[in-house]
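Below: one structure, written as structure tokens.
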């Protein structure tokens, strides 16, 4: 990386294309929702994996184990591959690691399947190591062993393993036998159906433990308040909500301070506000990229800022203009304002309307935002951006938006992209800066953060707390439990 005298970084090597978070605003947002949804993630697809891995790890410990990480991973890999084949065979169960490999393998005919060779083709990184083990540790199903570096079962993990073993019956010994010999005979698949990822007996011991672990009655991790609030919404809507609906419902409905889960509900509001600011800023970055793409030879940073902001009305301050924009959106949901800001090539007014609405509603909440989003290295949060806008509110709107573009969009993006190129080898530049001018490089999609609520809804369906018709009796019982 090099820097010109004006302090704007230049990219100096090509790097690998890819990477997200062009303004380094996502990390602080993720920390916020991760703290409320401990124990699963956006890539933990099916909850029965938690049962399966507890049992399969116990089987490893029962069958002459070693403390070699490689031996354990080979054991895990063969088990995962067979688990994927069983689940894919059973009504094409989705959300399974290696599903594509399993589908291709099953379509190749009725011959035996070599799990030793096949499991090597299954996944480069087993989902246990790449996805599930850390979440199971966070839920207190696994813990670090005192005598070696591998994870081992906790008391709850042992109990879940035993419950899974009882539930799968004769399929368990057959599964272990197949993995030991490394060959699956096609006729054996139907005998293993009880092990499919979707075959959770809701009233079985396994189902009860999974339900208690998920809702936080067992183990550890902060998620119970959020899950109870989702169940309440499911009850009131008489259907399972979508992740998209939850985001906006929690934003638009400010909780009362005496509500049972006020702190968590308020934090979800802060999450969505912070993510909406990020989305608005990324939309402004895309707007700048589009403008540069129309200008042969590029523009200097100052020229770009002036060019983009020239369409704004003279004679108004930023604060006055934002109040006007917000008033024009009166009666519109945040979701509609954000959609207008991010659909197609959105005009500057629509992009600024999202930022303006947030500023008008939240300009006096910086102190609270600083609690929700503590300072983290070079990452920016909603508190940083609301404070920045507060400092500009009395400036002429064209000048203020020009400063926003220069400081928070152009310089910020080039600095973040240069760090990613240097530290990760990823080329994430949407703008280039060479010989004193900016050039459009690449436009990237603008995506809202995925806060794990989609996973929560899917897991609650799997353990019988809700279905497509709304909350179930088991879900009502959980609400009554408190």
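The values are calculated or read from the model by the stated rules, or taken from the named source; none is laboratory data. All figures in this text were calculated on a predicted structure; none of them were measured in a lab. For neighbour counting, all protein chains shown are included, and Cβ atoms are generated from backbone atoms with ideal geometry for every residue, glycine included.
Values for this structure:
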quantity	calculated
From 192, 227, 231, residue being touching a residue at least 12 places away in the same chain (Cβ under 8 Å) and closer than 30 Å to residue 111 by Cβ	192
Some residue of the range 303-313 being free of Cβ contacts under 8 Å to residues at least 40 places away in the same chain, assigned by TED's automatic domain parsing to the domain that holds residue 396, surrounded by 15 or more Cβ atoms within 10 Å (Cβ to Cβ) and in contact with a strand residue (DSSP E or B) (Cβ under 7 Å, 6 or more places away or on another chain)	yes
Test: residue in the range 460-481 that is touching a residue at least 12 places away in the same chain (Cβ under 8 Å), surrounded by 18 or more Cβ atoms within 10 Å (Cβ to Cβ) and in contact with a strand residue (DSSP E or B) (Cβ under 6 Å, 6 or more places away or on another chain)	yes
Subset of the range 256-302 (residues that are out of contact with any strand residue (DSSP E or B) (no Cβ under 7 Å at 6 or more places or on another chain), buried (at least 16 other Cβ atoms within 10 Å of the Cβ) and outside any helix (DSSP H, G or I))	261
Residues satisfying the stated conditions in the range 62-98, i.e. in a helix (DSSP H, G or I), out of contact with any helix residue (DSSP H, G or I) (no Cβ under 6 Å at 6 or more places or on another chain), without any contact (Cβ under 8 Å) to a residue 60 or more places away in the chain and surrounded by 12 or more Cβ atoms within 10 Å (Cβ to Cβ)	71, 73, 74, 80
Scan of the range 145-172 for residues that are assigned to a helix (DSSP H, G or I) and either under 13 Å from residue 82 (Cβ atoms) or modelled with pLDDT under 95 (or both), ordered by number	168, 171, 172
Condition met for residue 297 (without any contact (Cβ under 8 Å) to a residue 12 or more places away in the chain and under 23 Å from residue 439 (Cα atoms))	no
Cβ pairs under 6 Å, 6+ apart, first in the range 121-149 and over 26 Å from residue 222 (Cβ atoms), second at pLDDT 85 or above and assigned to a helix (DSSP H, G or I)	122/81; 122/101; 126/76; 126/77; 126/80
All positions within the range 324-347 that are touching a helix residue (DSSP H, G or I) at 6+ places or on another chain (Cβ under 6 Å) and in a helix (DSSP H, G or I)	325, 326, 334, 335, 337, 338, 340, 341, 342
Which numbered condition residue 129 fails, given (1) under 31 Å from the mean Cα position of the chain (by Cα); (2) assigned to a loop (DSSP other than H, G, I, E, B)	(2)
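A quick yes/no check of all residues on (1) assigned by TED's automatic domain parsing to the domain that holds residue 79; (2) assigned to a loop (DSSP other than H, G, I, E, B):
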position: 174; (1), (2): yes, no
position: 192; (1), (2): yes, no
position: 203; (1), (2): yes, yes
position: 222; (1), (2): no, yes
position: 228; (1), (2): no, no
position: 232; (1), (2): no, no
position: 236; (1), (2): no, no
position: 241; (1), (2): no, yes
